[in-house]
Structure formats: C-alpha cells, structure tokens
Amino acid sequence: MTSKLRISAIVLFILAFIGLLFGIIFLYEAFSRQAYLANAMQQENISLSDIGIKNGPPGIIDNMEKAQIAADTVRTHRHTIAPSYGALMGGGKYDPANPTHLLYAQALNIENYLYLAVLGFGVIQIAMAAGGFMIIVAIALGIIGFVLLKLNKA
C-alpha cells in the first residue's frame, strides 16, 4: 500500500508542477498583453472628453471601463446619423464621396476599435483568472502530494 501512496504523491507533484508552470505562463501572457493593449490605446491619445463625455473617468482611453463608455457613446452618436447601415444606404450603395456615408463609416470604425479593446481586456481578465486558478490548484495538489508522502512514511 505504501508504494501506491508514494506513486500517487509523485503524480500529484508532477501535476502540481505542470499546473504551476501553466498558471505562471497564463499570468505572464495576460499581463504582457494588457500592457501592450493599454500602450497601443495610449498611443492613439483619445480621451473620453474628446468624444464629448464630460462626466467620465479622466485621462486617455486605456482600459476596459473607458473603452466601453467610449464605444457606447460613439454608437449613440452614430445612431444619430442613421439608425442602421441599411437605413443609411436606403437601398443604395456606399458612396465615399458622400460626407454622411463617410462620417457613418468612420464612426463605425472607431466604435469597432473600442469594442475590440473591450473584448481584448475581457479575454485578458479571463486569462488572469485562469492562471490564478491554475496556481491555486497547483499549490493544493502539491500540499496533497506532501500529505501523501508523510502518510507513506508513517
């Protein structure tokens, strides 16, 4: 019976090591991607006040909260031009020489950029949570493996 406990403890230590390694990788990637995305948004140098939001968080749009507020605001502004793309076109084709069509397309582009940032920050948060969970599970597996080794010696 004692060799089965020892083998189980070794398997748990291996799983704990793998879980710890993957948890660290997930956290590293999440933090590096968060810094990259925030830096890319800072380079765009767009603040909420630039798009007409006076009561929002101050500073450049560089996080999920500000990007969500900005995207929703741009969407509201875009809907004042036309309620939908189909309504804008009225059965016709897009005309880049038409200032209304061009303004609508530019608003749609900015809105999509901001919603993609919201999505990116959300995925980053999921990766952080998954990495943290992997580390916690790895520690728990290591403790159980240690207990099994102690039981094996007793």
Hey, can you tell me all the residues within the stretch 107-122 that are more than 17 Å from THR73 (Cβ to Cβ) and without any contact (Cβ under 8 Å) to a residue 40 or more places away in the chain? LEU119
The lone condition ALA87 fails out of (1) loosely packed, with under 15 Cβ neighbours inside 10 Å; (2) of a type outside the set (Lys, Arg); (3) in a helix (DSSP H, G or I); (4) touching a Leu at 6+ places or on another chain (Cβ under 9 Å) is (4)
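Restrict the check to the stretch 82-89 and report whether at least one residue is touching a helix residue (DSSP H, G or I) at 6+ places or on another chain (Cβ under 7 Å) and within 30 Å of TYR36 (Cβ to Cβ). Lay out the reasoning, then the answer.
Quick first cut of the stretch 82-89, residues touching a helix residue (DSSP H, G or I) at 6+ places or on another chain (Cβ under 7 Å) only: 82, 88.
Those still in the list that are within 30 Å of TYR36 (Cβ to Cβ) too: none.
The answer is no; no qualifying residue exists.
Does at least one position in the stretch 2-11 carry a residue that is out of contact with any Asp or Glu (no Cβ under 7 Å at 6 or more places or on another chain), polar (S, T, N, Q) and under 27 Å from ALA129 (Cα atoms)?
Taking the stretch 2-11 first, the residues out of contact with any Asp or Glu (no Cβ under 7 Å at 6 or more places or on another chain) are 2-11.
Then keep just the ones that are polar (S, T, N, Q); that gives 2-3, 8.
Within this subset, residues satisfying the condition of being under 27 Å from ALA129 (Cα atoms) are none.
Within the stretch 2-11, not a single residue is out of contact with any Asp or Glu (no Cβ under 7 Å at 6 or more places or on another chain), polar (S, T, N, Q) and under 27 Å from ALA129 (Cα atoms).
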Among the residues of the stretch 94-101, is there at least one that is within 27 Å of ASN45 (Cβ to Cβ) and either at pLDDT 95 or above or surrounded by 13 or more Cβ atoms within 10 Å (Cβ to Cβ) (or both)? yes
Given the conditions (1) within 26 Å of TYR104 (Cβ to Cβ); (2) assigned to a loop (DSSP other than H, G, I, E, B); (3) at pLDDT 90 or above, every one holds for ILE53 apart from (3)
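Give the stretch 1-47 a look and list any residue that's of a type in the set (S, T, N, Q) and either outside any helix (DSSP H, G or I) or surrounded by fewer than 16 Cβ atoms within 10 Å (Cβ to Cβ) (or both), or say none.
Listed by number, the residues that qualify are THR2, SER3, SER32, ASN39, GLN42, GLN43, ASN45, SER47.
The values are calculated or read from the model by the stated rules, or taken from the named source; none is laboratory data. If you're wondering where the values come from, they're calculated on a predicted model, not measured in any experiment. Virtual Cβ from ideal backbone geometry, glycine too; neighbours counted across all protein chains shown.
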